[in-house]
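What follows is a single structure, written as structure tokens, with notes after it.
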Amino acid sequence: MSAFDVVPTEPSRTRWRLPAAHLADGQGLVGVGADLEPGTLLAAYRTGLFPMPMGRRDIGWWSPNPRGIIPLDGLRVSHSLRQSCRKYEVRVDTCFRDVMVRCADPRRPHGWINAAFVDAYTRLHELGWAHSVVFKK
């Protein structure tokens, strides 16, 4: 059984009323505020929003247009991709928090993941909603 076979636990509903994704400004910003509780994050993603920090305390909710989305239900793995994957060891959900912490490395250019985001997404992972994938040569 893989990590993707587990039925996620639905968190408590968010207390926030999130704006509609189509209200985004020219940069993709829809609103500022709310929290990073699991119910808020899931409600946001379900309506096309995702969070990023703005300054030290504020959370911005974004919905850029165009937006890159990989529809996994229609993903076709080509022969060359399959061959390339053989060169790597692929691990799913073996070290979620460590992956988040490495993504949050402040030396990374344009990094925006902070400790609050690591904690928030780790909670989503514990509920079965967030996953990590590591490719190792």
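Each reported figure results from applying straightforward, stated rules to the coordinates on display, with no laboratory input. Predicted model, so just to flag it, every value in this text is computed and none were measured. Cβ placement follows ideal geometry from the backbone for every residue including glycine, while neighbour counts extend to all protein chains displayed.
Quick one: among V90, V77, V32, which has the greatest mean-square fluctuation in a GNM of the chain with alpha-carbon springs under 10 angstrom?
V77
So, R0 is 35 Å and r is the distance between the beta-carbons of S12 and R76; what FRET efficiency does that work out to, to 0.05?
It comes to 0.40.
Points 7 angstrom from Cα along the Cβ direction at C85 and H110: gap in nanometres?
Result for the modelled spin labels: 2.7 nm.
What are the residues whose amide H is under 5 Å from the amide H of I59, where those residues sit 5 or more places off or on another chain and H is modelled from the backbone?
Long-range HN contacts for I59: G33, M54.
Nearest 20 debye, what's the magnitude of the dipole of the range 1-87 about its Cα centre given +1 on Lys and Arg Cβ and -1 on Asp and Glu Cβ?
300
Quick one: 3J(HN,Hα) in Hz for the range 51-64, Karplus 6.51/-1.76/1.60 with θ = phi - 60°, rounded, Gly and Pro as x.
So the Karplus estimates, Gly and Pro as x, are x, 8, x, 10, x, 7, 10, 7, 10, x, 10, 10, 8, x Hz.
For the chain, what does the relative contact order come out to in percent, with C-alpha contacts under 8 Å and a separation of six or more?
The normalised contact order for the chain reaches 27 percent.
Based on alpha-carbon centroids, what's the gap between the range 41-77 and the range 91-137 in Å, whole number please?
15
Can you tell me the order of 124-136, 56-68 when each peptide is scored by its average per-residue count of other Cβ atoms within 10 angstrom, highest first?
So the order, starting with the most tightly packed, is 124-136, 56-68.
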